[in-house]
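**Student:** Dumping the structure here so I can ask a few things about it.
The values are calculated or read from the model by the stated rules, or taken from the named source; none is laboratory data. The structure displayed is predicted, hence computed values, not measured ones. Glycine also receives a Cβ, built like all others from the backbone with ideal geometry; neighbour counts cover every protein chain displayed. All accessible areas refer to the heavy atoms of the entire protein, side chains included, with ligands and DNA or RNA removed. Shrake-Rupley method; radii C 1.70, N 1.55, O 1.52, S 1.80 Å.
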Amino acid sequence: MAAQDLVGQRIKAIRRQRGLSQAQLAHPELSDSYVSLIESGKRTPTPAVLELLAQKLDCSLTYLVNGVTAEQMEDLEVGLSFARMALENGEVAEARRRYAELLADGNLLGLPSLRVEARYGYALASEACGEVAEAISMLEELGGSETEVMTQERKIAVALALCRCHRERGDFSAAVKVGEHALETMARSAWTDALVELGATLLSVYLARGDMLRARHFAAELLAAAETLGSPRAAVASSWNAALVAEQTGRGEEALALIERALAIQSETGEARNLARLRQAYANMLLRLHPEESEKARDLLLRAQREMEAAATSTFDRAFGALALAWAEIVLHYPEQAVEYAEAAVDLVRGTSGWLETRAALLLSQARFLLHQDDEAASELDTVSDWLESALPTRKTAEDWMTIGEMRRRIGDDRQSVAAYQRALACAGL
């Protein structure tokens, strides 16, 4: 039902409650025929007329326009504020619960801007809780039914989140479709910070699906756009993801230079949570490219962990940090510490994130092997294999099967090692 129809219905209902005829409500400023047209939804009253009618009907203008009283509006705004605060503080389950309660409140139906914020917040909280399918469903609804009431900035944010969620599920085709369509329809010729960040997310999808040629060209395009914009936000987003592309295409030193540039800019101008994530990404890259600097990388990861705790990042960010530390300890040949970090990560996300629990199990299998606990290592590999059986066949799952195959070989299980390698080839389309 159109907004003007709802306004007309509310005016009609209150008029009848007050025992007024249309002529009595209209006199002397308006005609009764005009009031009739408003009540039937055939005319949209001006703000001045709405204010006049609110006075005549002895009700609030807020109620006439939105169907809620000023007190109800305030309650909804306070509820959204608390939900937003919980999400920003990393209390993702609490945020999801609060957003769900708001969405169940019928008073939200006539408040499009608040409704959009609640649905978008619920999607982000669901994603952070590991409920990626639920997040995708909500984001798709937003992109379909709420387009007319969303700002351009919100449309970009929704497209970015949807692209990212499809990527997290391993559905790279859907992620590319969302990202490319959004850039094509949202004035790609006039880059903004938000569009560069959307482009950076799309770039990560190209990288994840192994489209290196497209990734390299698009990374250069994003870097040029960020240079033209001259904003720290665009520079960080483009440099960070271009660094990952450079690493994957064999340009390790260029990758480190790009991510160091992003880290320097973020250190000067960015907010604390993103700085912690970026420092963590830099440390991981250092581990991969220069294992001889593993101690430096571990120190960076520990610093990032402290920053995440101080900035109230999400449970999943902290779990990912713990896994990065577990890998650093494995590289440094301290398997006992690696086990502690990996188990801490599992405790943080138990039952909510199959991907992170799988990553932890892989690291635990490697640490258990280094501790000569072959049976325990094999049990962890069984856990990973069970999860991968139902996972989408992507480049990442192929890499995981390859790791399983290598670990099975090391513990002397040649039959399962061969089977894992075969699964890796199938995931890679070979």
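**Student:** Checking Gly412 against (1) open to solvent by less than 70 Å² (accessible area, probe 1.4 Å); (2) within 20 Å of Ala326 (Cα to Cα), which single condition isn't satisfied?
**Tutor:** The one condition Gly412 does not meet is (2).
Here's the yes/no breakdown for (1) of a type in the set (Lys, Arg); (2) open to solvent by less than 70 Å² (accessible area, probe 1.4 Å); (3) modelled with pLDDT of 85 or more:
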| site | (1), (2), (3) |
| --- | --- |
| Leu6 | no, yes, no |
| Ile11 | no, yes, yes |
| Arg16 | yes, no, yes |
| Gly19 | no, yes, yes |
| Gln22 | no, yes, yes |
| Leu25 | no, yes, yes |
| Glu29 | no, no, yes |
| Glu39 | no, yes, yes |
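**Student:** A further question on this structure: Taking the residues in the stretch 54-82 that are among the charged types (D, E, K, R) and outside any loop (DSSP other than H, G, I, E, B) as candidates, determine which candidate is modelled with the lowest pLDDT.
**Tutor:** The selected residue is Glu71.
**Student:** Being out of contact with any Cys (no Cβ under 9 Å at 6 or more places or on another chain), hydrophobic (A, V, I, L, M, F, W, C) and open to solvent by 20 Å² or more (accessible area, probe 1.4 Å) is the requirement here; does Ala200 meet it?
**Tutor:** Answer is no for this residue.
**Student:** Any residue in the stretch 375-391 that is at pLDDT 90 or above, open to solvent by 70 Å² or more (accessible area, probe 1.4 Å) and either of a type in the set (Lys, Arg) or touching a helix residue (DSSP H, G or I) at 6+ places or on another chain (Cβ under 7 Å) (or both)?
**Tutor:** Yes, some residue in the stretch 375-391 is at pLDDT 90 or above, open to solvent by 70 Å² or more (accessible area, probe 1.4 Å) and either of a type in the set (Lys, Arg) or touching a helix residue (DSSP H, G or I) at 6+ places or on another chain (Cβ under 7 Å) (or both).
**Student:** Filtering the stretch 194-248 down to residues that are under 20 Å from the mean Cα position of the chain (by Cα) and touching a residue at least 60 places away in the same chain (Cβ under 8 Å), which residue is farthest from Ala161 (Cα to Cα)?
**Tutor:** Only one residue tops the list, namely Arg209.
**Student:** Just one of Ser173, Ser113 is open to solvent by 50 Å² or more (accessible area, probe 1.4 Å), more than 27 Å from Glu357 (Cβ to Cβ) and small (Gly, Ala, Ser); which is it?
**Tutor:** Testing whether each residue is open to solvent by 50 Å² or more (accessible area, probe 1.4 Å), more than 27 Å from Glu357 (Cβ to Cβ) and small (Gly, Ala, Ser) leaves just Ser113.
**Student:** So, one more: Which of the residues that make up the stretch 12-46 are farther than 18 Å from Tyr63 by Cα, in a helix (DSSP H, G or I) and not hydroxyl-bearing (Ser, Thr, Tyr)?
**Tutor:** Selection gives Gln22, Ala23, Gln24, Ala26, Asp32, Leu37.
**Student:** So is Glu180 free of Cβ contacts under 8 Å to residues at least 24 places away in the same chain, out of contact with any Asp or Glu (no Cβ under 8 Å at 6 or more places or on another chain), on the phi < 0 side of the Ramachandran plot and among the charged types (D, E, K, R) or not?
**Tutor:** yes
**Student:** Give the stretch 83-106 a look and list any residue that's open to solvent by 60 Å² or more (accessible area, probe 1.4 Å), assigned to a helix (DSSP H, G or I) and at pLDDT below 90, or say none.
**Tutor:** Selection gives Glu88, Ala93.
**Student:** Right, another one. Going by the structure shown, is Phe320 under 18 Å from Ser417 (Cα atoms), touching a residue at least 40 places away in the same chain (Cβ under 8 Å) and aromatic (Phe, Trp, Tyr)?
**Tutor:** The answer is no for Phe320.
**Student:** Of the conditions (1) under 19 Å from Leu202 (Cβ atoms); (2) touching a helix residue (DSSP H, G or I) at 6+ places or on another chain (Cβ under 6 Å); (3) of a type in the set (Gly, Ala, Ser), Gly252 satisfies every one except a single condition; which number is it?
**Tutor:** (1)
Table: residues versus (1) of a type in the set (Gly, Ala, Ser); (2) farther than 18 Å from Glu184 by Cα; (3) open to solvent by 10 Å² or more (accessible area, probe 1.4 Å).
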{"residue": "Ala125", "(1), (2), (3)": "yes, yes, no"}
{"residue": "Cys129", "(1), (2), (3)": "no, yes, yes"}
{"residue": "Glu134", "(1), (2), (3)": "no, yes, yes"}
{"residue": "Gly143", "(1), (2), (3)": "yes, no, yes"}
{"residue": "Thr151", "(1), (2), (3)": "no, no, yes"}
{"residue": "Val158", "(1), (2), (3)": "no, no, no"}
{"residue": "Leu162", "(1), (2), (3)": "no, no, yes"}
{"residue": "His166", "(1), (2), (3)": "no, yes, yes"}
